[in-house]
Amino acid sequence: MPLTSSAGTPTRTDRAAGKAAAARGPALRDATAPEATSRRPALHDGRTPGQPPTARRYGAGFWTIAGVFVTAMAFSTVPTPLYPLYQAHDGFSTFTITVVFAAYAVGVLISLLFGGHVSDWLGRKKVLASALGLELLAAALFLSAPSLPVLLAARVVTGLGVGLLTATATAYLHELHRAGRPGAPTRRFDIVSTAANIGGLGLGPLAAGLLAQFLGAPLRLPYAVFVVLLLAGAAAVALTPETVRRPAVRPAYRPQRIGAGRGDRGQLAAAAAGFTSMAVFGLFTSVVPGFVGGTLHHPSRALAGLVVFAVFGAAAAAQIGTGRLGARARWYVGLLAQAAGMAVLAAGVHLASLPVFLVAGILAGAGAGVLFKSAVGFVAETAAPERRGEALAGLFLASYLGLALLPVGLGAASLVMSLTSAATWFTAVVLALLATVAAGTRHDGPGASRHSA
């Protein structure tokens with residue numbers, strides 16, 4: 001983010017420092033130019049403004065934060081392959097599993113609204129450390145008892161941590177990339193931030209499933225392992241250079257504003273796409289492990305984790321692989337792939353075939369990943385600069401509502417019909433939403449030809 005300060009009268013020494021900073025690139029010039037050093041407080045990590053970190057430290061910090069991002073996102077999906085074990089322990093229904101999952105989404109939404117933006121003035125390191133602290137608190141709750149009330153509380157706390165972490169870690173990676181590689185394209189940042197976020201969500205179930213399947217103590221060991229990893233991540237964050245300076249006067253706190261960009265049909269279509277995309281991820285991280293173990297008669301925790309990993313892995317790979325496509329082509333690739341995946345999912349559910357079900361997950365995950373990335377890109381590009389944060393917050397709000405509401409609806413339907421029938425209705429609803437999004441963006445929005453550049 002831009003650095004701001006009071007400007008003083010530059011001395012000869014200051015002018016020389018500014019020239020030296022110019023030779024090192026724009027990212028470091030912001031930290032050493034006379035406008036930046038005059039009457040500035042010390043940085044968060046104790047350095048004075050005249051002693052910026054080297055590009056190498058910024059580069060090392062970039063990969064450090066990427067690793068922390070992966071670890072924290074992976075922790076958020078650790079319970080996914082373990083839900084059938086919790087279900088057997090307390091005897092609750094599939095609907096209860098979806099409520100537990102929705103508790104996580106509620107935590108994310110609360111955190112995004114009330115804390116997702118505060119790192120702009122508190123600093124990336126402080127907020128990231130707070131997010132990791134919440135994840136560690138959630139891990140302690142998971143380790144304390146496998147009961148339903150504790151599980152609900154732990155999922156809410158996990159969501160609070162993730163809501164703080166996602167926006168902060170993404171901004172931190174962007175700033176570390178710019179500081180470490182001044183003037184370089186942002187492709188490395190785009191790829192790494194995507195892989196860390198979506199890829200981390202996929203690694204959590206895989207790691208938890210393998211640990212639970214082969215090393216025993218399935219409701220404790222995965223969390224204990226991630227406690228060690230999260231503590232290591234917190235220590236690594238402490239050694240990473242800060243990229244945000246404390247303002248001379250801290251701005252008055254207010255919750256994140258929510259908006260819909262310019263309010264046109266394109267922005268609404270992007271929100272609907274986010275809602276639909278995240279609903280697919282919600283399906284595969286809530287009821288699918290129980291479906292694989294029950295209806296498909298494959299109770300392996302490792303297999304349940306592998307199925308979810310395949311969905312998120314396909315999403316991350318597709319987001320990266322379609323990076324060079326135009327916006328319009330990418331939008332329709334996402335719509336068609338997700339629609340095809342949902343159609344195959346309906347077939348896999350009725351055939352009770354694991355291979356067909358896995359293909360469906362890969363197709364739907366890839367499509368959902370591309371569609372969600374397209375929606376984010378469209379909103380960021382078309383929203384007015386002074387309202388971009390509001391517009392993106394509105395998109396994420398709609399998306400996380402989809403993550404919570406449709407899976408809960410599926411769980412509620414499973415109380416009065418078979419899970420196979422409920423999944424069929426879920427598929428029909430998602431296909432209808434995708435058709436509505438496609439029809440609504442033919443002439444205006446992400447799918448319109450005037451936005452294909």
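The values are calculated or read from the model by the stated rules, or taken from the named source; none is laboratory data. What you are looking at is a predicted structure, and each value in this text was computed from that prediction instead of being measured. Glycine gets a Cβ as well: all are built from the backbone with ideal geometry, and neighbour counts include every protein chain shown. Surface accessibility is based on the protein's heavy atoms, side chains included, excluding ligands, DNA and RNA. Shrake-Rupley method; radii C 1.70, N 1.55, O 1.52, S 1.80 Å.
When the label point is put 7 Å from the Cα of Arg220 along its Cα-to-beta-carbon vector, which residues of the range 71-96 have a backbone N closer than 16 Å?
Only 86 pass the distance filter.
What is the projected area of the convex hull of the Cα atoms of the range 291-400, averaged over all directions, in nm²?
7.6
For a quick protection proxy, order the peptides 90-98, 107-115 by their average other-Cβ count within 10 Å, most packed first.
By packing density, highest mean first, the sequence is 107-115, 90-98.
Give me the 1.4 Å probe accessible area per residue for the range 311-400, excluding ligands and nucleic acids, in Å².
Here the per-residue accessible area is 37 Å².
Using 0.36 nm times the number of residues separating Phe92 and Ala140, minus their current alpha carbon distance, what extension gain do you get?
15.0 nm
Just the ratio, please: alpha-carbon radius of gyration of the range 236-365 over 2.2 N^0.38 Å, N its number of residues.
1.43
Could you give me the percent of Cα pairs per 5 Å distance bin for the range 183-308, shortest bin first, beginning at zero and ending with the bin that holds the maximum distance?
Once binned at 5 Å, the Cα pair distances of the range 183-308 give 2, 8, 9, 12, 14, 14, 14, 11, 8, 4, 1, 0, 0.
Starting from the Kirkwood radius over alpha-carbon pairs of the range 273-347, derive D by Stokes-Einstein at 10 °C in a medium of 1.306 mPa s and give it in µm² s⁻¹.
Taking Rh from Cα pairs, D becomes 117 µm²/s.
Calculate what fraction, in whole %, of the accessible area of the range 150-218 sits on carbon and sulfur atoms when a 1.4 Å probe is rolled over the protein chains.
The C+S portion of the solvent-accessible surface of the range 150-218 is 68 percent.
Let me see the P(r) profile for the range 86-193: every Cα-Cα distance counted, bins of 10 Å, each bin given as a percent of all pairs.
So the P(r) values, bin by bin, are 15, 35, 27, 16, 6, 1.
State in Å² the accessible area per residue of the range 93-245; use a 1.4 Å probe, count heavy atoms of protein chains only, and round to the nearest integer.
34
At what distance in nm do the modelled label points of Trp121 and Ala238 sit from each other, each positioned 7 Å from its Cα along Cα→Cβ?
Roughly 2.8 nm, to one decimal.
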